[in-house]
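The values are calculated or read from the model by the stated rules, or taken from the named source; none is laboratory data. Nothing here was measured: the structure is a model prediction, and the numbers come from that model. We place every Cβ from the backbone using ideal geometry, glycine too, and count neighbours over all the protein chains shown.
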């Protein structure tokens, strides 16, 4: 059986029904657009915003700070930077006759120009240790090893004798 033909809806002369229909369709499109923009997420190349994100250029210092932190170099760099100011730590007179040689396993090794200067540095080692730990953080430097001057090496060339008597061999 056939259905009776539908009668057309009454015509609204004011056009309010048409306006509502258009407004609904525009509203749903803009909502769809907003949802699709947020669905892309902040990592998508087309998304942008007023707030900083990972795509923004970074300062070199910030990148270096992150690298130092990630590699665990912070303490080592702090010690090296502080030792570059050696004269301000030990005084200009002591610094003229000594220099830091190495820092390993929280022990600072200092080389003195002579045994007299080595003895002088050993006497101020506790104060120097306290000053280093104040500036670097407690426990960064646990000891200071002061070495005297190195003796001359009598080993010359590839064909030197191992465990030889050194310079006395030439004197008979």
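Of everything in the range 95-105, what is within 16 Å of residue 128 (Cβ to Cβ) and either in contact with a strand residue (DSSP E or B) (Cβ under 9 Å, 6 or more places away or on another chain) or part of a strand (DSSP E or B) (or both)? Give them in sequence order. Residues satisfying the conditions are 97, 98, 99, 100, 101, 102, 103.
So, of the residues in the range 108-138 that are closer than 26 Å to residue 76 by Cα, out of contact with any strand residue (DSSP E or B) (no Cβ under 9 Å at 6 or more places or on another chain) and at pLDDT 90 or above, which turns out to be surrounded by the most Cβ atoms within 10 Å (Cβ to Cβ)? Top of the filtered list is 124. Right, residue 141: surrounded by 12 or more Cβ atoms within 10 Å (Cβ to Cβ) and either in a loop (DSSP other than H, G, I, E, B) or modelled with pLDDT under 85 (or both) or not? Yes, satisfied.
For the range 58-77, the condition of being within 30 Å of residue 149 (Cα to Cα), at pLDDT 65 or above and in contact with a strand residue (DSSP E or B) (Cβ under 9 Å, 6 or more places away or on another chain) holds for at least one residue.
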